[in-house]
Every structure is written in C-alpha cells, then in structure tokens.
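Enquirer: Shown below is the structure under consideration.
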Amino acid sequence: MKKFPLKALVMTTLSIGLLGIGLKMVGAAGSASLSLNPSSGSHDINTTFSVTVYENSGAETVNAVEADLSYDVSKLQFVSIDTSGSAFDIGAVATGGSGSVTIQRGKIGSLTGSQTVGVVTFKALVGSGSTAINFANSSQILRSSDNVNIWNSVTTGGSYTLTTPAAAPPAGSGSSSSSGSASKTSTSTSVAKTQSAPSGAPVASAQTQQANPAAPVPTSRTVSNGSGYLVSIKVTDKDGKPVSNATVTLTGKTATSDSSGMATFTDVSPGIHEVTVKSDKGQVKGDVTVASDQPIAQYQQFTLKVKPARSWLLLVEIGVGVLIVVTLIAFIVKGVRGNKPPTFKVNEPPKDLDKIMPSAPPAQVIQPTQVSSPAVSQSAGGGVIDPTHPS
C-alpha cells in the first residue's frame, strides 16, 4: 500500500467533519514519545514475534499519530500489522515491507497519556547476532489544540537477539560432562528467551495474568529496592468486551481505562497489589502479582472482569413497582364497576324504581261541595213551577 501523507489524512478527515486536526508541523519540539513493547528479547530463527507500538503524550491532548519503523531486511521479515486494539479509531495507512513500516491513525476527539497505536509482527530470518527496530524521523504526534507535531524525535525503538535453538543431547549421554554442558546451555537459552506474542495480539507483554478475586494469593508482600515496573490493567465486562472510562486504582495509584479497556501504571513495585475497578458496567476488586523477574521496560498485563452491581436489588425494585401498578389498576376497575348506571329492558318496568326515583305523594281525593238549590216542585199537571216567578 502506498504511504498516505498525514497531511492528506488530516484534510480528508476535516472535510467530513470527523477530526479537527491541522497540517503537519515539521521539526516542532515536544515531549510526546513513541515506544515499542517489548523493547528487547531473544528469538529463534524462523520464529515470529510481535511488538506493540505506543505513543505517550502525558497530559497533552493528541488526535493523530504516524509511527514509521525501520528494520534490517537481511535479518527480519515483515509479517503483519494489527490495529484492532488501537486507541485511535480512524485508520489511514497500515503497511510494511522493504525495511519500513508505517501506521497512520486518527482519533475523533482527543487522547492523553499512554495509548496503543498498533501491533507489528516480524519473522526472524537469521539465527545469530542482534537487530534493531527503530522509529524513522518522519514519525509524528499531533496535538489536538493547535495541530503541532509534539513528538520528541527520539528514534530508539528496540533491540532483539536472534538465536539458533540448541540441539537436543543424544539419548543415554546425560551422564557425560559434555552432555551436561550442552544441557546447561540449552536450559540457559530457554530461560533467557522471551516468549513471542501471538500474531495480532493487542498487547505484546511478557506476562499476562487473569486476576481472580476468588483465587488464593500469597500473603507476603515485597517492596522494590530499585526502579518500579510497568503494569497495564485491562478492564472487560461480563462478555469480555473492553470497558472504557473505568476508574482503576492500584495500591494508591489511579488511572482511567481507554477505549480498548487498558489502564497503565508506571513505577510499580514487585509483589502483590490490590486493584479496584469501578465503572458504569459494574465493579470488581482483586489482587495482582507483579513479577520481579521481568524486564522493567516491559509491561506486565492483567485482566479484570467487572460484575454488575446491585442486580438483585434492581429485581426487587422492579417487582415492587409492578405490584404497585397492578394494585392501582385493581382499585380503578373496582371504582368504575361500583358507579355503573342501571340498565332497563324494553317494555319492562325497572326494578327498585323507588330507589332510583323519589316516591310521589299519595293522590288527594277532592270531595265535591254540595250547593243548595231553590226548591222545585212539580205540579200535578207535570209542569215546572218556578217559585221566583209570580203565579
């Protein structure tokens, strides 16, 4: 893949409104650094090993990085690049071969502190001597506030010893002095060799442990007599997915996990340390053991899986809420039924009518008044005699 200028990445990203970074500022001095982890190790011929590229801007906010690596093609062969665990979520270039590797990444928003850029895998082509993997001068780290390259221009990456596996001693010769010497040489080579990280691993560390709060841990605690070690804590949810913005506390030191779930610590003494994790996904507490037989410049990685908090209480609260709603509905239904108006059938007088309508007062019987009339007499001849009329 052709190398894509970081300037073009910046302008393209700006045009779609995703990333507010500016033009490359050549030669700008800064304090941000690039590093490889592990920075040393011993690898047999025809075996592969991986190194993780980190950028560390300290308190400065950054949103773009270009890590350019150089290597000796007569001793190493480029194999692959994995950016799945990168804290920079916009990718432009990830290519390698012919003695150089280029990783260009951007970030929507900004990042601070130590962040993963990508993982590069190489293959050892020879079985003797040593070889270096360094950063090229074209590397850069852009500050988000003014788009200035704040890389400190330190090109030192890592130095690696290339070896040939010792031949196994012939059967039945374990008692001879020469065989004993060969056996000791083989053992020494095995111990000195740093185990290669699998291709595509998000972090290439010498030691990866699963912190288990329920597992028994040693009771003794040791105190460092010299410089401390580098420790990274990976926080995941119950499904193993990274948890970002988790607050991780390691024996008095506090860090926040990045988008890949990683929280890093420096100057950690060897021995047992209590780790507490709190996040919106849950929390967990456990002990981790920092080994004293690992290189100081090499991260020792541990994984902690958070557990959802108060799940039982949430179920109780939901149950109480449902019970209250059901009770209210029952009262409402009962009230509606109690005020139901009466119904009548056609041509049928309603029942209990006296309860519905007030009773009418009993009808009063009016007696007719007798009026006195003038006496009327009837003559013998049948005529009517009017007393008022003179005869």
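We did not get these values from a lab; they are worked out from the coordinates using the rules stated. Being a predicted model, the structure only gives us computed values, none of them experimental. Glycine also receives a Cβ, built like all others from the backbone with ideal geometry; neighbour counts cover every protein chain displayed.
Enquirer: Give the order of Glu55, Glu60 when sorted by the count of other beta carbons within 10 angstrom, beginning with the fewest.
Expert: Neighbour counts put them in this order, fewest first: Glu60, Glu55.
Enquirer: Can I ask one more? Mind scanning Lys253/Lys281; Lys107/Lys278; Lys75/Lys107; Lys107/Lys285; Lys75/Lys234; Lys107/Lys241 and naming the pairs with a C-alpha gap bigger than 23 Å?
Expert: Working: Lys253/Lys281 21 Å; Lys107/Lys278 25 Å; Lys75/Lys107 34 Å; Lys107/Lys285 31 Å; Lys75/Lys234 33 Å; Lys107/Lys241 20 Å.
The answer is Lys107/Lys278; Lys75/Lys107; Lys107/Lys285; Lys75/Lys234.
Enquirer: Within 14 Å, Cβ to Cβ, of Val53, how many net charges do the neighbouring residues add up to if Lys/Arg are +1 and Asp/Glu are -1?
Expert: Working: positive: Arg105; negative: Glu55, Glu66, Asp68, Asp82.
Within the 14 Å Cβ shell, the charges total -3.
Enquirer: Please work out how much length the chain gains when fully extended from Thr95 to Ile108, using 0.36 nm per residue of separation minus the C-alpha to C-alpha distance, in nm with one decimal.
Expert: Details: separation 13, 0.36 × 13 = 4.68 nm, distance 2.20 nm.
The Thr95-Ile108 span can extend by a further 2.5 nm.
Enquirer: Now a separate question. Test of understanding: what is the full-extension gain from Ser39 to Ala132, defined as 0.36 nm times their sequence separation minus their Cα-Cα distance? Walk me through the intermediate numbers first.
Expert: Numbers: separation 93, 0.36 × 93 = 33.48 nm, distance 0.94 nm.
Fully extending the segment from Ser39 to Ala132 adds 32.5 nm.
Enquirer: Still on this structure: Please give the peptides 299-306, 326-333, 88-95 ranked by average Cβ packing (other Cβ atoms within 10 Å per residue), highest first, as a rough proxy for protection.
Expert: Packing order, densest peptide first, comes out as 299-306, 88-95, 326-333.
Enquirer: If amide H atoms are built 1.01 Å from N in the plane of the peptide, which residues on other chains or at least 5 residues away come under 5 Å of the amide H of Ile108?
Expert: Hits under the 5 Å cutoff: Asp89, Ile90.
Enquirer: In terms of modelled amide H atoms, which long-range or inter-chain residues lie less than 5 Å from the amide H of Val148?
Expert: Those lying under 5 Å, H to H, from Val148 are Arg143.
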